[in-house]
Amino acid sequence: MSMYAERFHSVFPSRPPILGMVHLHALPGSPTFGGSLQDVITKALADAQTLADAGVDALLVENLHDYPYYPETIEPETVASATVCAKAVAEEIDLPMGINILRNSWKASLGIAAAVGAKFIRLNILTDAMITDQGMINGAAHLVSRYRKQIGADDVLILADLLTKHAAPLVERPVPVIAADMIKRGGADGIIIAGHDSSQPASQDRIREIKDAIPDAPVIMGSGMTVEHAPTYAKVADGAVFGWGSKPNADMLQPVSSDMATEFANAWTTGLQAR
C-alpha cells in the first residue's frame, strides 16, 4: 500500500467513502446572514444527523452560503462562527469530519480542522492559477503544507480539487500532468475531480486518465453525485462528495432529504459490491 493510500485508509478504513456535505447557512459577516448563529447550528446538526442516519462515511462542513466569497482570506467572524458550527457537529456525530472554507481559505480550513479534530480539508485550488468568479486565485501549495506542519496538523488530509468548479485555468496544461504535480510536488493527499458545476460529474474517462497518472493516490468524485450516478462511479472512484444530490429540487437552501441520502448511500454500496 502506498503512502497516499495508507494515509487515506487511516481515515476511511472500511471502503471508498461517501463524504456527506453539511452546507452551513450564511454565517455572521455574510450579506445574507439571518441574524441567529444558533439557527445555523441547528440546521447544520439536522443535516448532519440525516446524512449519518442515511449511511454516509464522513461529513464535510462548508460555508456554502457565504457568497459572494472572499478569494482566500476570510474575516475573523467567519472563522469563529464556522469553528463553532463544526465543533457542534463533531460533538454530536461520530463520523470523520472535513472542513472547506470557500472560496479558497486554506489557512482557515486547516486552522478550524486542527481546532475541532477534523480529519481532512477540501481545498479548491492547491496548485496552478485559476480564473474564478472571485478573480484569479493562485495555488499556494508551498504555504499550505508548511502551515499544516506549523500548527501540528500533519494528520489532517489535504484533498484538493483538480481544475475546480466555476473556474478555468489561466494556462492549459495536460490534466494528467496537473494531477501528478498536485500529488508529487503540491503535497495533496488525494485528488477531487468535478464537472463544470455542482450538477455535473466528471466523465469516467477523466477518472481513468487521472488514475493512470497517479495510481497510488485516491481520486474522489466532487460533483454531480446522484442516485442515478452512484452505482457507476462507485466502481471506479475512491470516494464521492455527496451534496447537490441530497437537496430536493436542487435547492441548496433546503434541508438534506432523508430519502435522497438513503437512496444514494444504498446505490453507492451496490456499486462498490460490483467493483
Going through region 193-214 one residue at a time, which ones are under 21 Å from Asn124 (Cα atoms), free of Cβ contacts under 8 Å to residues at least 24 places away in the same chain and surrounded by fewer than 18 Cβ atoms within 10 Å (Cβ to Cβ)? Ser203
How many residues, within region 86-112, are under 17 Å from the mean Cα position of the chain (by Cα) and either aliphatic (A, V, I, L, M) or buried (at least 24 other Cβ atoms within 10 Å of the Cβ) (or both)? 18
Residue check for Ser105: in contact with a strand residue (DSSP E or B) (Cβ under 6 Å, 6 or more places away or on another chain) and of a type outside the set (Asp, Glu): no
Which members of region 158-174 meet the condition of being under 27 Å from Thr226 (Cβ atoms), in contact (Cβ under 8 Å) with a residue 40 or more places away in the chain and either in a loop (DSSP other than H, G, I, E, B) or of a type in the set (Gly, Ala, Ser) (or both)? Thr164, Lys165, Ala167
I'd like to verify a number: residues in region 157-192 that are crowded, with 24+ Cβ neighbours inside 10 Å, of a type in the set (Val, Ile, Thr) and in contact with an Asp or Glu (Cβ under 7 Å, 6 or more places away or on another chain), how many? 2
Against the definition (free of Cβ contacts under 8 Å to residues at least 60 places away in the same chain, among the hydrophobic types (A, V, I, L, M, F, W, C) and assigned to a helix (DSSP H, G or I)), how does Val177 come out, yes or no? yes
Go through region 1-113 and tell me which strands (runs of 3 or more DSSP E), entirely inside it, have 1 or more residues that are closer than 17 Å to Asp155 by Cβ. 58-62, 97-100
Considering only helices (runs of 4 or more DSSP H) wholly within region 181-275, the ones with at least 3 residues that are in contact with a Phe, Trp or Tyr (Cβ under 7 Å, 6 or more places away or on another chain) are none
In region 144-156, is there at least one residue being of a type in the set (A, V, I, L, M), crowded, with 19+ Cβ neighbours inside 10 Å and in contact with a Phe, Trp or Tyr (Cβ under 7 Å, 6 or more places away or on another chain)? yes
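Matching residues to (1) farther than 19 Å from Arg275 by Cα; (2) in contact with a strand residue (DSSP E or B) (Cβ under 6 Å, 6 or more places away or on another chain):
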| position | (1), (2) |
| --- | --- |
| His196 | yes, no |
| Ser199 | yes, no |
| Glu209 | no, no |
| Pro215 | no, no |
| Met221 | no, yes |
| Ala230 | no, no |
| Gly245 | yes, no |
In region 29-74, residue surrounded by the fewest Cβ atoms within 10 Å (Cβ to Cβ) [restricted to those that are more than 15 Å from Ala86 (Cα to Cα) and free of Cβ contacts under 8 Å to residues at least 24 places away in the same chain]: Gly35
Does region 235-245 contain at least one residue that is surrounded by 17 or more Cβ atoms within 10 Å (Cβ to Cβ), hydrophobic (A, V, I, L, M, F, W, C) and modelled with pLDDT under 95? yes
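The values are calculated or read from the model by the stated rules, or taken from the named source; none is laboratory data. Source: prediction; values computed, not measured. Methodologically, a virtual Cβ is constructed for each residue, glycine included, from the backbone with ideal geometry; neighbour enumeration extends over all protein chains shown.
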